[in-house]
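Below you'll find the structure, written out as structure tokens, and then a few comments.
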Amino acid sequence: MKDATELTYDEAKEELERLAREIALSDKAYYQNDDPYLSDAQYDALKHRNLAIEQRFPELIRPDSPSKRVGATVMSVFGKVKHNFPMLSLRDVFSREEVADFVLGVKRFLNTSEQIEFMSEPKIDGLSFSARYEHGRFVQGATRGDGVVGEDITENLKTIRQLPLVLPYGVPEVLEVRGEVYMSKKDFFALNEKCLQQRKKIFANPRNAAAGSLRQLDPKITAERNLSIFAYTWGEVSNRPWHSQAEFFEYLRQWGFPTNPNNTLCHNEEDIAQSFARLMEQRAALDYDIDGMVYKVNSIELQERLGFLTRTPRWAIAHKFPAEQALTTIKDIRIQVGRTGALTPVADLEPVNVGGVMVSHATLHNEDEIKRKDFRIGDVVVVQRAGDVIPQLVEVVKEKRPKGAAEFVFPSVCPICGAHAIREEDEAVRRCTGGLSCPAQAKERLKHFVSRDAFDIVGLGDKIIDEFFDEGILRNPADIFTLKERNGGDDLFSAHDGLHLERREGWGKKSTDKLFAAIDARRKITLPRFIYALGIRQTGIATARLIAKHYGRFEHFMSDMINKETLKVVTIDGIGAAMALDMVEFFGEPHNLEIVRKLLEFVEVEEFVDTAKTDSQLAGKTVVFTGTLSKITRNEAKALALAAGAKVAGSVSAKTDFVVVGSDAGSKAKTAQELGITILSEDEFSAML
Ligand code: IVH
């Protein structure tokens with residue numbers, strides 16, 4: 001084979017065509033048929049060659065080039081896409097009777113007593129997309145948005161290998177294929193595993209993971225996430241050649257779109273009921289989440305006669321599954337003690353399979369929840385997973401309560417250290433008053449101290465901290481910085497001259513040195529990280545930043561706190577009285593003060609230089625937040641905006657510069673649009689910070 005640098009123009013053109021075809025075929029075998037025939041190395045070699053040729057002849061890059069799947073361009077905002085054919089939603093029903101009513105309603109409307117065919121399809125729990133093709137080429141991708149206007153996700157959709165970029169000859173000139181983007185359970189668990197390793201927030205369920213991966217201004221991130229699709233309906237189509245939903249699926253498959261293998265044509269209500277029962281049973285074993293079935297009148301002619309209600313078709317309905325539930329027994333109720341001393345009750349359960357996931361624990365939230373639902377040890381309970389990873393206990397099956405099961409008495413002392421656990425008025429949680437003399441709190445404090453936004457010492461994982469604490473190697477954050485000193489030298493014959501971490505099981509010289517290097521790298525730390533790392537109650541990273549900005553130097557902050565100058569902190573915009581009291585209380589505790597002073601001997605806390613005011617694009621601008629943000633809380637976002645020199649307002653007016661829009665945003669987003677104010681997504685806002 002000729003080297004890419006030696007190819008002529010015509011040879012390059014021909015070869016790029018061949019490569020596009022070969023890679024598409026291999027993608028299809030891999031992603032659609034689950035039957036790969038190329039090894040990873042062979043596949044990578046093809047892609048490499050494709051890229052090398054394209055680099056030499058950029059003018060020859062094909063619209064269906066495999067290199068388009070990598071997500072090359074980073075966007076600053078999602079453009080808007082108007083759906084000429086709105087993306088509708090479906091009416092939900094929950095029982096067989098309601099399905100019967102639906103079928104009856106359809107027949108009545110059509111004034112017929114004959115059987116009508118329905119297509120029964122699993123309702124994929126993902127996000128809907130619309131993919132527009134013109135002359136057989138993928139030209140635009142959009143989210144559903146409010147059904148009429150969605151967001152332009154062309155570049156993101158391109159990275160999904162299952163989506164064909166070029167369609168065979170003979171497809172309608174304009175064709176919008178719609179369906180669902182989802183993340184397989186396998187990919188979801190792998191992604192969360194990776195997030196855990198990198199100490200990032202994990203996703204609650206595959207749907208959230210898919211949403212978070214698709215709506216990325218940097219499509220490279222989408223490309224890394226392994227999203228999948230199922231196609232199931234259409235939008236605008238010129239000269240539509242199909243006459244039924246079943247026929248449409250035939251076309252989709254011919255054109256290379258993935259369709260769900262469980263879509264079935266039903267001839268009567270009995271078939272419909274069977275398809276529902278069958279999928280409900282298979283549900284747990286499927287590699288993707290479904291939350292019900294969709295029944296659609298099969299004939300397009302009849303669909304057109306039936307038409308639409310305001311936002312939903314009259315010819316289709318969603319039959320939702322009940323939440324995935326199971327019965328099990330509470331073996332024990334344990335109390336966990338967190339960093340700030342909060343006592344959280346956790347139920348240990350007889351392990352049970354709930355919708356394909358083994359569940360052996362569930363949080364009971366707090367004292368009142370236990371009382372309200374009257375959970376007792378030995379009780380048989382209903383466990384539920386509502387699409388989320390964290391299971392909930394729904395209720396007790398009272399008839400099955402064992403004789404003599406005693407009411408659960410919430411402890412009034414800390415189960416770990418024995419200190420009083422008290423509940424302040426208006427608070428739902430009970431807290432251990434042991435402070436740092438409570439091992440549970442001390443351990444959690446240490447874990448917080450080394451966490452990602454604090455000192456970020458990767459070598460000190462949760463398990464190691466537990467071990468080191470129990471063995472007395474680490475009792476407080478300052479101890480971390482004397483580890484190396486205490487470790488002892490390389491002398492093999494002196495077993496008693498130090499900790500010698502390298503001699504621990506599973507450790508070695510290399511990992512020990514790595515840990516020490518990680519610790520040394522943090523002997524100099526920024527002021528916000530340092531303040532946050534202390535673990536003062538209610539002081540998150542955003543608050544820490546506000547304090548850093550206000551005080552500039554840690555000593556100034558500390559001396560105000562020691563002098564109980566609560567009022568001085570309250571003057572900082574974004575910090576309330578309750579937070580200020582917690583700060584003063586923290587420094588009022590002699591033990592805390594001692595550790596802070598020790599820490600200051602080992603680490604240099606940098607002075608905070610406020611670059612935000614001049615550098616940030618947000619400086620001096622008025623920002624309004626609306627909707628729910630997914631990565632940080634609204635309060636945190638506000639604090640960050642303030643820290644960047646912005647003003648935060650509660651309502652949109654002509655004076656507003658930016659509106660940051662989360663999910664389920666309401667009228668503010670609309671007003672902003674009408675006033676022509678720049679709308680930012682959460683990610684864009686973060687990027688501006
Ligand atoms: S058809 C007019 N079919 O469910 C009909 N929707 O509540 C438009 N969905 O927004 C939708 N699987 O995101 C249809 N097989 C399926 C579906 C499906 C999942 C989602 C879709 C839609 C929502 C409707």
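In the set (1) of a type outside the set (D, E, K, R); (2) open to solvent by 60 Å² or more (accessible area, probe 1.4 Å); (3) not in a loop (DSSP other than H, G, I, E, B), the condition left unmet by Asn84 is number (3).
Note on the stretch 30-60: residues that are within 17 Å of Asn226 (Cβ to Cβ) and of a type in the set (S, T, N, Q) amount to 2. Looking across the stretch 275-284 at every residue that is of a type in the set (Gly, Ala, Ser) and modelled with pLDDT of 95 or more, the one that is nearest to the ligand (Cβ to nearest atom) is identified as Ser275. Scan the stretch 233-274 for residues that are open to solvent by less than 50 Å² (accessible area, probe 1.4 Å), within 16 Å of the ligand (Cβ to nearest atom) and either under 30 Å from Tyr30 (Cβ atoms) or without any contact (Cβ under 8 Å) to a residue 40 or more places away in the chain (or both) and the total you get is 17. Candidates are the residues of the stretch 214-228 that are surrounded by 24 or more Cβ atoms within 10 Å (Cβ to Cβ) and within 16 Å of the ligand (Cβ to nearest atom); the one that is farthest from Thr143 (Cα to Cα) is Leu227. Taken together, Pro36, Pro63 contain a single residue that is within 18 Å of Pro164 (Cα to Cα), touching a residue at least 60 places away in the same chain (Cβ under 8 Å) and in a loop (DSSP other than H, G, I, E, B), which is Pro63.
State yes or no: is Ala578 touching a residue at least 12 places away in the same chain (Cβ under 8 Å), among the small types (Gly, Ala, Ser) and surrounded by 20 or more Cβ atoms within 10 Å (Cβ to Cβ)? When the stated conditions are applied, Ala578 does not pass them. Of everything in the stretch 294-307 that is assigned to a strand (DSSP E or B) and out of contact with any Lys or Arg (no Cβ under 6 Å at 6 or more places or on another chain), the residue that is surrounded by the most Cβ atoms within 10 Å (Cβ to Cβ) is Tyr295. Consider the stretch 314-326 and keep the residues that are assigned to a strand (DSSP E or B) and at pLDDT below 95. The one that is farthest from the ligand (Cβ to nearest atom) is Ala326.
For Arg545, the conditions (1) touching a Leu at 6+ places or on another chain (Cβ under 9 Å); (2) open to solvent by 60 Å² or more (accessible area, probe 1.4 Å); (3) free of Cβ contacts under 8 Å to residues at least 60 places away in the same chain all hold with the exception of (3).
Within the stretch 106-131, the residues that satisfy the criterion of being of a type in the set (Gly, Ala, Ser) and either within 16 Å of the ligand (Cβ to nearest atom) or open to solvent by less than 30 Å² (accessible area, probe 1.4 Å) (or both) are Ser120, Gly126, Ser128, Ser130, Ala131.
Residue-wise test of (1) of a type outside the set (Val, Ile, Thr); (2) touching a residue at least 40 places away in the same chain (Cβ under 8 Å).
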position: Ala45; (1), (2): yes, no
position: Asn50; (1), (2): yes, no
position: Ile53; (1), (2): no, yes
position: Lys68; (1), (2): yes, yes
position: Met75; (1), (2): yes, yes
position: Pro86; (1), (2): yes, yes
position: Ser89; (1), (2): yes, yes
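Listed by position, the strands (runs of 3 or more DSSP E) enclosed by the stretch 327-408 that each have at least 2 residues that are surrounded by fewer than 16 Cβ atoms within 10 Å (Cβ to Cβ) are 343-354, 357-363, 392-396. So for the stretch 132-146 (the condition being open to solvent by 10 Å² or more (accessible area, probe 1.4 Å), within 16 Å of the ligand (Cβ to nearest atom) and assigned to a strand (DSSP E or B)), does at least one residue qualify? Within the stretch 132-146, one or more residues are open to solvent by 10 Å² or more (accessible area, probe 1.4 Å), within 16 Å of the ligand (Cβ to nearest atom) and assigned to a strand (DSSP E or B). Would you confirm, using the coordinates I've provided, whether Asp10 is under 25 Å from Leu227 (Cβ atoms) and either assigned to a strand (DSSP E or B) or away from the ligand (no atom under 16 Å from the Cβ) (or both)? So Asp10 fails the test. The C-beta contact set for the stretch 417-434 (first residue closer than 18 Å to Val346 by Cα, second residue crowded, with 17+ Cβ neighbours inside 10 Å and aliphatic (A, V, I, L, M), distance under 6 angstrom, 6+ apart or interchain) comprises Ala421/Leu343; Val429/Ala342; Arg430/Leu343; Arg430/Ala421; Arg431/Ala342; Cys432/Val337; Cys432/Ala419; Cys432/Ala421. Counting only residues that are farther than 11 Å from Ile547 by Cβ and outside any loop (DSSP other than H, G, I, E, B), the stretch 560-571 holds 4 of them. Looking across Ser437, Ser412, Ser451, one residue alone is under 27 Å from the mean Cα position of the chain (by Cα), among the small types (Gly, Ala, Ser) and within 25 Å of His591 (Cα to Cα). It is Ser451.
Is it the case that some residue within the stretch 422-435 is touching a helix residue (DSSP H, G or I) at 6+ places or on another chain (Cβ under 9 Å), closer than 20 Å to Thr539 by Cα and not in a loop (DSSP other than H, G, I, E, B)? Yes - at least one qualifying residue is present in the stretch 422-435. Looking across the stretch 153-197, the residues that are outside any loop (DSSP other than H, G, I, E, B) and aromatic (Phe, Trp, Tyr) come down to Tyr182, Phe188, Phe189. One residue alone among Phe102, Phe94, Phe85 is out of contact with any Leu (no Cβ under 9 Å at 6 or more places or on another chain), within 30 Å of Ala223 (Cα to Cα), within 15 Å of the ligand (Cβ to nearest atom) and aromatic (Phe, Trp, Tyr), and that residue is Phe85. Identification of helices (runs of 4 or more DSSP H) wholly contained in the stretch 572-617 with 1 or more residues that are modelled with pLDDT under 85 yields 612-615. Restricted to the stretch 637-689, the set of strands (runs of 3 or more DSSP E) holding at least 3 residues that are touching a helix residue (DSSP H, G or I) at 6+ places or on another chain (Cβ under 9 Å) comprises 658-661, 678-680. The residue of the stretch 180-202 that is nearest to Asp462 (Cα to Cα), among those that are touching a residue at least 24 places away in the same chain (Cβ under 8 Å) and surrounded by 21 or more Cβ atoms within 10 Å (Cβ to Cβ), is Leu191. Within the stretch 529-542, the set of residues being open to solvent by less than 10 Å² (accessible area, probe 1.4 Å) and not in a loop (DSSP other than H, G, I, E, B) comprises Phe530, Ile531, Ala533, Ala542. Only one of the numbered conditions (1) outside any loop (DSSP other than H, G, I, E, B); (2) crowded, with 21+ Cβ neighbours inside 10 Å is not met by Leu460, and that is (1). Just to be sure, is Lys28 more than 30 Å from Arg144 (Cα to Cα), of a type outside the set (Gly, Ala, Ser) and either touching a residue at least 40 places away in the same chain (Cβ under 8 Å) or in contact with a helix residue (DSSP H, G or I) (Cβ under 8 Å, 6 or more places away or on another chain) (or both)? It is false that Lys28 is more than 30 Å from Arg144 (Cα to Cα), of a type outside the set (Gly, Ala, Ser) and either touching a residue at least 40 places away in the same chain (Cβ under 8 Å) or in contact with a helix residue (DSSP H, G or I) (Cβ under 8 Å, 6 or more places away or on another chain) (or both).
Note on the stretch 448-465: residues that are modelled with pLDDT of 95 or more and among the charged types (D, E, K, R) amount to 0.
The values are calculated or read from the model by the stated rules, or taken from the named source; none is laboratory data. What you see is a predicted model; the values in this text were computed from it and never measured. Please note: Cβ atoms are built from the backbone with ideal geometry, for glycine as well, and neighbour counts cover all protein chains shown. What goes into the accessible areas is simple: the full protein's heavy atoms, side chains included, and nothing from ligands, DNA or RNA. Shrake-Rupley method; radii C 1.70, N 1.55, O 1.52, S 1.80 Å.
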